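The values are calculated or read from the model by the stated rules, or taken from the named source; none is laboratory data. For clarity, every value in this text was computed on a predicted model and none was experimentally measured. Here the Cβ positions follow ideal geometry from the backbone for every residue, glycine too, while neighbour counts run over all protein chains shown.
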Amino acid sequence: MRITHTTQRHVPALARLMTGSPLLQRYGMTLGRARSSLLAALRARDQLVVALEDGEPLGLAWVITTRALDHAAYLRLLLVAEGQRSHGLGAALLADAERRARASGCRHLVLLVTTANRRARTFYARHGYRHVGNLPGFVRPAIGESLYVKSWTATPATAGVRARVSSRRRRSS
């Protein structure tokens with residue numbers, strides 16, 4: 001198994017993986033929506049990584065980086081194929097997503113998980129994520145979400161950005 005950047009050639013198989021997810025089906029995911037979302041993410045240069053085994057996608061991590069919220073990244077989706085769960089694939093994808101977010105200068109990784117999804121909530125807590133609060137009906141009216149965050153010390157990239165901003169503020173005072 002290898003984890004690599006997602007390309008357009010991965011999109012059809014990843015779209016099928018997404019539409020096969022019972023959780024994403026609750027959110028109204030269709031093949032067309034999955035394809036268009038993935039293609040838009042690639043155009044926007046979101047960080048999409050795919051876990052491949054013999055060329056077949058087994059999982060996906062989708063991270064959106066931003067300067068907002070003190071340089072946070074948002075884990076939009078961590079998806080592992082049904083038959084591949086509990087074998088370390090989700091942990092490997094999450095570690096890769098965290099590494100890429102940190103390399104982009106992010107200080108935090110935030111995510112939403114369905115409140116009823118105890119397995120996922122336990123998974124994120126086990127990997128150092130802190131439950132921040134619940135957001136009932138945030139994404140869909142009948143589905144509750146829980147907000148989680150993991151923070152780490154500043155990377156050289158974010159430390160440099162923060163120092164320049166702090167220096168500008170002192171000069172303008």
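Summary table below
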item	result
Within the stretch 53-99, tally of residues that are out of contact with any helix residue (DSSP H, G or I) (no Cβ under 7 Å at 6 or more places or on another chain) and outside any strand (DSSP E or B)	24
Residues being surrounded by 13 or more Cβ atoms within 10 Å (Cβ to Cβ), at pLDDT below 90 and of a type in the set (Val, Ile, Thr) - total across the stretch 140-162	4
Single match in 108, 87, 131 (criterion: in contact (Cβ under 8 Å) with a residue 12 or more places away in the chain and over 14 Å from the mean Cα position of the chain (by Cα))	131
Criterion violated by residue 46 - all others in (1) on the phi > 0 side of the Ramachandran plot; (2) touching a helix residue (DSSP H, G or I) at 6+ places or on another chain (Cβ under 9 Å); (3) of a type in the set (Asp, Glu) satisfied	(1)
Where residue 133 falls short, out of the listed (1) under 21 Å from residue 64 (Cβ atoms); (2) in a helix (DSSP H, G or I)	(2)
Whichever residue in the stretch 43-83 is small (Gly, Ala, Ser) and closer than 19 Å to residue 27 by Cα and, among such residues, is modelled with the lowest pLDDT	81
Residue in the stretch 31-46 that is in a strand (DSSP E or B) and touching a Leu at 6+ places or on another chain (Cβ under 7 Å) present	no
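Matching residues to (1) within 17 Å of the chain's Cα centre (by Cα); (2) surrounded by 15 or more Cβ atoms within 10 Å (Cβ to Cβ):
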{"position": "3", "(1), (2)": "yes, yes"}
{"position": "8", "(1), (2)": "no, no"}
{"position": "15", "(1), (2)": "yes, yes"}
{"position": "18", "(1), (2)": "yes, yes"}
{"position": "27", "(1), (2)": "yes, no"}
{"position": "33", "(1), (2)": "no, yes"}
{"position": "42", "(1), (2)": "yes, yes"}
{"position": "45", "(1), (2)": "yes, no"}
{"position": "51", "(1), (2)": "yes, yes"}
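Okay, residues lined up against (1) closer than 25 Å to residue 15 by Cβ; (2) touching a strand residue (DSSP E or B) at 6+ places or on another chain (Cβ under 6 Å):
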residue	(1), (2)
89	yes, yes
97	yes, yes
100	yes, yes
113	yes, yes
126	no, no
136	no, yes
140	yes, no
145	yes, yes
148	no, yes
